[in-house]
Amino acid sequence: MNLAATHFAATPLSEAATTPGFLSPSGVEIAFLLVGLVTFGAAVVTVTTRQLVHAALWLVVALGGLAVEYLLLTAEFIAWVQVLIYVGSVVVLLLFGLMLTKAPIGRSPDADSGNRPVALAVALVAAVALVWVVVDAFRTTWIDLDGPAQGSTKVTGEMLFRHWVLPFEALSVLLLAALVGAIVLSRKNAKEARD
């Protein structure tokens, strides 16, 4: 009995108490899970609705939910980039495109191709593959929410311009080429329409 008492006195914190547990979530983890469920629901509604404007608005909810998830992961810079670029630019561009092309506001039966079973199968396979890759890559990784911020502007800038500068520049050249190509094609079609 005395030997057991000295053993427990020598190790006041057991190994189980020092490692994070799955069944003892904190408030941040619960909020992360709840926001993730709302984001997943908004994404499902985005791809299943038959009204284009409603799909664009649900996309705003899904992308906003991702920004909140980044905030909960202490990646404030990435969260604001998500809001400014995706919610502020891409969705607005999508809505302007819908307005300029005079797309139907209500239900669009011609937007449904009838390939829902194939699309669902491909989506499920892609989701399983993505979850498997992420779980396998980060199986033993825990985010220290009390430590230094990993998503700060300094850390993100160092990672971007130290390790990812060549793909970043290649992508910018590719986007510039696509923009020039779109301008050339639109001018050619406008000239043919005048003739």
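Here, each number is a calculation from the coordinates, and none is a lab measurement. Owing to the predicted nature of the structure, the values given are computational and were not obtained by experimental measurement. Because the Cβ atoms are built from the backbone with ideal geometry, glycine has one as well, and the counts that use them run over all protein chains shown.
A few notes on this one:
- Most tightly packed first, judged by the mean number of other beta-carbon atoms within 10 Å of their residues, the peptides 129-135, 48-54, 155-161 read 48-54, 155-161, 129-135.
- R0 of 30 Å, Cβ-Cβ distance ALA123-GLU158: FRET efficiency to nearest 0.05: 0.25
- Shape of segment 20-96, Cα gyration tensor, a/c cut at 1.5: oblate
- Rounded to the nearest whole Hz, the Karplus-based 3J(HN,Hα) values (6.51 cos²θ - 1.76 cosθ + 1.60, θ = phi - 60°) of segment 35-47 follow the sequence 5, x, 5, 5, 5, 5, x, 5, 5, 5, 5, 4, 8, with x at glycine and proline.
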